[in-house]
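Remarks on the structure that follows.
The values are calculated or read from the model by the stated rules, or taken from the named source; none is laboratory data. Every value quoted in this text rests on a predicted model; they were computed, and no experiment measured them. Note that each Cβ is placed from the backbone with ideal geometry, even for glycine, and that neighbours are counted across all protein chains shown. We work out accessible area using only protein heavy atoms, side chains counted, and drop any ligands, DNA or RNA first. Shrake-Rupley method; radii C 1.70, N 1.55, O 1.52, S 1.80 Å.
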Amino acid sequence: MARKYMLQQRAKRQEETRQRIIEAAVFLHQTVGGANASISAIAELADVERLTVYRHFPDERALAIACTSHYQALNPPPDPKPWQSIEDAEQRLRTGLREIYAFHRRTEPMSLHVLHDMEEKPMLREVLAPSFAYWEQVRDLLASAWETQDATCSARIHAAIGHAISFQTWRSLVREQGLEDAEAIELMARMLRCLCC
């Protein structure tokens, strides 16, 4: 019985150590970027040895997967399912963009670093593939309300909505051009309306 208790305690400590490493890595990825978050810096912040980090995460990909999972659990993207019940295309778009832009605002520091890190670490594209698939589904759901038989128009609508929901678009309109979220949403809605005239 004592041995079982000791094994349980050991497993608990290992899980706590693993969690500290993940939290330290996420903090550094969000503040200095993954490219600058060395194993030494992660180990120091987690108060463990470098070898301990490697014991839990034998390679960069394993650590990236764990960090992504942890971060996304704390910062889930908007659930687009309720938008399906909004039949009016423009209203659906506005509703979606309000939630999407609030998400971009909340996750801006991490998103900025991830965009930069993907250039230096192509492995991140593979790790983030589910996230890319999510944004494609969001685009398609929002575009489905703008029904058209014209294939060219349909392709433009998909492209325009893909542009509208992008973090880079939100950042450009809000941070670089100085618009409020509501103004950026209005601009994107008008852009779509013009495409469908």
For this session: Hey, can you tell me all the residues within region 72-85 that are open to solvent by 70 Å² or more (accessible area, probe 1.4 Å) and hydrophobic (A, V, I, L, M, F, W, C)?
Result: ALA73, LEU74
For this session: Working carefully through the options ALA189, ALA159, find the one that is of a type in the set (Gly, Ala, Ser) and touching a residue at least 24 places away in the same chain (Cβ under 8 Å).
Result: ALA189
Exercise. Does ASN36 count as within 22 Å of PHE132 (Cβ to Cβ) and among the polar types (S, T, N, Q)?
Worked result: no
Problem set entry | Scan of region 47-76 for residues that are in contact (Cβ under 8 Å) with a residue 60 or more places away in the chain and over 15 Å from VAL26 (Cβ atoms), ordered by number | ARG61
For this session: Count, please, the residues in region 10-54 that happen to be outside any helix (DSSP H, G or I) and among the aliphatic types (A, V, I, L, M).
Result: 3
Exercise. Does ARG61 satisfy being modelled with pLDDT under 95, open to solvent by 40 Å² or more (accessible area, probe 1.4 Å) and on the phi < 0 side of the Ramachandran plot?
Worked result: yes
Seminar exercise, completed: The condition from (1) surrounded by 16 or more Cβ atoms within 10 Å (Cβ to Cβ); (2) of a type in the set (Phe, Trp, Tyr); (3) within 21 Å of ALA35 (Cα to Cα) that TYR54 misses is numbered (1)
Problem set entry | Failed criterion for TRP83 (all others in (1) under 23 Å from PHE167 (Cβ atoms); (2) of a type outside the set (S, T, N, Q); (3) assigned to a helix (DSSP H, G or I); (4) within 19 Å of the chain's Cα centre (by Cα) hold) | (4)
For this session: Kindly list, by first and then second residue, each pair from a residue in region 94-107 that is among the acidic types (Asp, Glu) to a residue that is assigned to a loop (DSSP other than H, G, I, E, B) and open to solvent by 10 Å² or more (accessible area, probe 1.4 Å), limited to pairs with Cβ atoms under 7 Å and residues at least 6 apart or on different chains.
Result: GLU99/PRO78
Exercise. When only residues in region 86-111 that are part of a helix (DSSP H, G or I) and under 27 Å from GLN19 (Cα atoms) count, which is most open to solvent (accessible area, probe 1.4 Å)?
Worked result: ARG106
For this session: Could you run through region 132-156 and say how many residues are aromatic (Phe, Trp, Tyr), open to solvent by less than 50 Å² (accessible area, probe 1.4 Å) and free of Cβ contacts under 8 Å to residues at least 12 places away in the same chain?
Result: 0
Exercise. Filtering region 172-197 down to residues that are modelled with pLDDT of 95 or more, on the phi < 0 side of the Ramachandran plot and not in a helix (DSSP H, G or I), which residue is least open to solvent (accessible area, probe 1.4 Å)?
Worked result: LEU179
Exercise. Does any residue of region 31-38 turn out to be touching a residue at least 12 places away in the same chain (Cβ under 8 Å) and in contact with a Lys or Arg (Cβ under 8 Å, 6 or more places away or on another chain)?
Worked result: yes
